[in-house]
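A short worksheet on the structure shown next.
Taken together, the values in this text are just the output of simple stated rules run on the coordinates, not laboratory data. If you're wondering where the values come from, they're calculated on a predicted model, not measured in any experiment. Reconstructed Cβ throughout: ideal geometry from the backbone, glycine too, with neighbour counts over all protein chains shown.
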Amino acid sequence: MPGAFWCIVEDDRNGSPKKVMAEVIGEAARLAPGRVEAVWLTDKASEAGLKQLGEWGAARVLLLENAAFAPYRSEVWVASAAELAGKESPQAILAPVTSRQREFVARLAARLGVGLAADSVGFALEGDKLVATRPVYAGKLLSKVTWAKAPWVATLRPNVFRPAASQPGKTASVERPTVTAAGALMKFVERREEVSTGLPELTEAETVISGGRGMKGPENYVILEDLGRVIGAAVGASRAAVDAGWRPHRFQIGQTGRTISPKLYLGFGVSGAIQHLAGMRTSKVIVAINKDPEAPIFKIADYGIVADLFEVVPELTKEFKKLLEK
Amino acid sequence: MKILVTIKQVPDTATQVKIAADGKTIDPTGITWIVSPYDEFAVEEALRIKEKRGQGEVVAVSLGPDRVKEALRSCLAMGCDRAIHLNDPAWAAADTLVTARALAKVIEQESAQLVLCGRQAIDDDMGAVTAQLAELLGWPCAYWIMEETIDADAKSVRAARQVEGGLEVFDLPLPAVLAAQKGLNEPRYPTLKGIMGAKKKEIKDLKASDLGGAVEPPQLSVVGLQALPPRPPGRIIQGDVPTAVKELVRSLREDAKAI
Ligand SMILES: Cc1cc2nc3c(=O)[nH]c(=O)nc-3n(C[C@@H](O)[C@H](O)[C@H](O)COP(=O)(O)OP(=O)(O)OC[C@H]3O[C@@H](n4cnc5c(N)ncnc54)[C@H](O)[C@@H]3O)c2cc1C
Ligand SMILES: Cc1cc2nc3c(=O)[nH]c(=O)nc-3n(C[C@H](O)[C@H](O)[C@H](O)COP(=O)(O)OP(=O)(O)OC[C@H]3O[C@@H](n4cnc5c(N)ncnc54)[C@H](O)[C@@H]3O)c2cc1C
């Protein structure tokens, strides 16, 4: 039997897998039914978290639990994961795109001497090969790539793949293989938490609101946050707004910011420069509100309203509230 | 302290890209090339470290064809002391690992104490070479850094990396690899003096044979490039604001099922 499809678990640092793992496991199950294994490096996994991985469809959970795995340091994770890969010979190693997984699987691929397809948006099995599709050149083209040998290592763009449905009662066999934990080179100093907006995280949100230069100033983002609270959306910004100091960089959407792929993107006072599109053009539904009918964002928008955003936003908040209260 | 900065030359994002006849690469005609923006943050940070310490050397390194000289020249104009150009047809189909192997060999030859890279190259967007370099060298690595300080005796670097929900700060013993994120600094523009001076600075050419011979085959290969499937045409919703908004909300709910 060919090797397993590993799904590297991204967790909330509190013992539970993030929701995006349903997408990774779902895609792995589509490609390799019955051969899906979750590999979890953590300082502490919760029972509920392990149960959740089983319900999503992992047949087996390989749990590497060790205090040395938190906070994440690539040199420590890679040594242990590579040792396990040597014993288990997986066919594929998949992880969601997050800041740490991007680094971790790249380093792991180098250790294993295999190829990596980062930020993939599609996979197809062609004969005995896996072909990944990934956006390149600011999302202007799609590149199809394939591996010379296994394990096929890839990261998956969040919100693109169909998540596995949770099947209550389905369980995974949980194993705790022994691996050596390498000594850390990096010494942890501190973690500085962001002031939480109480809204979802930009890259994980199913709905994203983006405010551009048309917002006119930092004080006006409250109207977007009000709308965000009503529809459960993250609030991001264009680079023009970030460079003006209106929003911190972590909220920037685009080529030099975050890449997002929500179900719904709503842009307010964003012109739709190519570098902004690079970070959001795989959104499923795009809505643009701009007072300039010639704004390029209307070229990729599914719905547009040509109007002053300051009139539209309160009205939208009101209408969504009505709809969602029903 | 010797700092090596890896830079990639990429098409300016504003230029149109067309697929070449081979179906796997882009047609280079009419493309404006730039230094990948994240790599400019890396160059800027290296120059600031040198300026702050009042000593040291900053070396820019790039792998790619002849055109890459121009990108190296602009790094020299920003203030890098010299440059190394890895230019050999043997690297024409390099994947991230082949690229990282070549760069790692240069870093070893140069005995650099710090390597600064970009978060990702904005054309191929793998965001991988940096981590793979660290792996091949056996060095620690901090991704997506927003700030850094080198300690006085250049034994370690304190770096803050951006993660979901905050910043994580670590001390990394040197030598180490850092990947620059936007927000780290604001890159300088080359001055006229810098541009003139760059013409006299050295760009050393290296071939695969200068780095110990045979280039291993790529582990990832491009099967083909394709244009994006066109998005279905959108709809501008007409009417006064309250009417248009009502219609938008209805469409999002009933037609697009997006809310
Ligand atoms: C003609 C042609 C053929 C190609 N064929 C293949 C192929 O068969 N398979 C494949 O996987 N890819 C192929 N590529 C793309 C490949 O060369 C990538 O550029 C390489 O894998 C690096 O990935 P990246 O650009 O995404 O860099 P990232 O991993 O995103 O780069 C991160 C950082 O590493 C450094 N860096 C990256 N590249 C360089 C460089 N060249 N020189 C100096 N520093 C660098 C920079 O600091 C950069 O910010 C081809 C490209 C060309 C032009
Ligand atoms: C290398 C590079 C990387 C870049 N990376 C990014 C990136 O990651 N992300 C990014 O976003 N940009 C990026 N940019 C910048 C990009 O080119 C644009 O400059 C930027 O996206 C513009 O932001 P904007 O749409 O908010 O502003 P503008 O282009 O100024 O557009 C503002 C829009 O608001 C509209 N408007 C004004 N007032 C109102 C109102 N009251 N009601 C309704 N509409 C109104 C205007 O009609 C206009 O269309 C990058 C650029 C470069 C060169």
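Across the residues of A:132-140, average count of Cβ atoms on other protein chains within 10 Å?
Working: counts 2, 2, 3, 2, 10, 12, 9, 3, 11.
That works out to 6 on average.
Once amide H atoms are built 1.01 Å from N in the peptide plane, which residues 5 or more positions from A:Asp119, or in another chain, come under 5 Å H to H?
A:Thr155, A:Leu156
How large is ³J(HN,Hα), in whole Hz, for each residue of region A:109-123 in order, when computed from phi with the Karplus curve 6.51 cos²θ - 1.76 cosθ + 1.60 and θ = phi - 60°, using x for Gly and Pro?
4, 5, 4, 7, x, 10, x, 9, 10, 8, 6, 6, 10, x, 9
For an R0 of 41 angstrom, estimate the FRET efficiency from the Cβ-Cβ distance between B:Lys24 and B:Asp205 and round to the nearest 0.05.
About 0.95, to the nearest 0.05.
Mind jotting down the distance between the C-alpha centroids of region A:272-320 and region A:239-265, whole Å?
Taking the Cα centre of region A:272-320 as reference, the centre of region A:239-265 is 15 Å away.
Please tell me the relative contact order of chain A in percent, rounded to the nearest whole number, where contacts are Cα pairs under 8 Å and at least six residues apart.
The normalised contact order for chain A reaches 15 percent.
Evaluate peptide B:113-122: per residue, the Cβ atoms of other protein chains within 10 Å of its Cβ; return the mean as an integer.
Going residue by residue through B:113-122 and averaging, the value is 2.
Between Rg and the Kirkwood Rh of chain A, both from Cα atoms, what is the Rg to Rh ratio?
Reported Rg/Rh, Kirkwood definition of Rh: 1.00.
How much of the DSSP bridge set in the protein assembly as shown is antiparallel, in percent, rounded to the nearest 5?
35 percent
State the Cα centre-to-centre distance between region B:183-249 and region A:88-126 in whole Å.
With region B:183-249 and region A:88-126 each reduced to a Cα centre, they are spaced 22 Å.
Just the projected area, averaged over all directions, of the convex hull on the alpha carbon atoms of the protein assembly as shown: how many nm²? Before the final figure, lay out the partial values.
Details: hull surface 107.4 nm².
Taking the Cα atoms of the protein assembly as shown, their convex hull projects to 26.9 nm² on average.
If each of B:Gln238 and A:Asn14 carries a label point 7 Å out from its Cα toward its Cβ, how far apart are those two points in nm?
5.1 nm
Would region A:147-230 count as rounded, prolate or oblate if I go by the C-alpha gyration tensor, calling it rounded below 1.5 in a/c and otherwise prolate when a/b exceeds b/c, oblate otherwise?
Prolate, because a/c is 1.5 or more and a/b exceeds b/c.
Using the structure shown, list the pairs from A:Lys284/A:Lys326; A:Lys263/B:Lys18; A:Lys140/B:Lys246; A:Lys87/B:Lys24 with a Cα-Cα distance above 27 Å, or answer none.
Cα-Cα > 27 Å for A:Lys263/B:Lys18; A:Lys140/B:Lys246; A:Lys87/B:Lys24; rest within.
When a/c is below 1.5 the answer is rounded, else prolate if a/b is larger than b/c, else oblate, so apply that to region A:1-84 with a ≥ b ≥ c taken from the square roots of the Cα gyration tensor eigenvalues.
Judged from the Cα gyration tensor, region A:1-84 comes out oblate (a/c at least 1.5, b/c at or above a/b).
Placing unit charges on C-beta atoms (Lys and Arg positive, Asp and Glu negative, everything else neutral), compute the dipole magnitude of region A:5-175 about its Cα centre in debye, rounded to 20.
In debye, rounded to 20, region A:5-175 gives about 480.
What 222 nm value per residue comes from the helices of chain B, counting each DSSP H run with n ≥ 4 as -39,500 (n - 2.57) and dividing by all residues, nearest 500 deg cm²/dmol?
Computed ellipticity for chain B at 222 nm equals -8000 deg cm²/dmol.
Of all DSSP beta bridges in region A:221-326, what percent run antiparallel (nearest 5)?
Here the antiparallel bridges make up roughly 0 percent for region A:221-326.
Is there a simple number for the mean count of other chain Cβ atoms within 10 Å of the Cβ of residues in B:182-189, and what is it?
2
Going by C-beta contacts inside 10 Å, put A:Trp152, B:Trp139 in order with the fewest on the left.
B:Trp139, A:Trp152
Under the rule a/c < 1.5 gives rounded, and otherwise a/b versus b/c splits prolate from oblate, where does region A:213-325 land using the Cα gyration tensor?
rounded
Antiparallel DSSP bridges in chain A: what percent, to the nearest 5?
Beta bridges within chain A, antiparallel portion: roughly 20 percent.
What distance in nm lies between label points placed 7 Å from Cα along the C-beta direction at A:Ala67 and A:Asp226?
Going from the A:Ala67 label point to the A:Asp226 one covers 5.0 nm.
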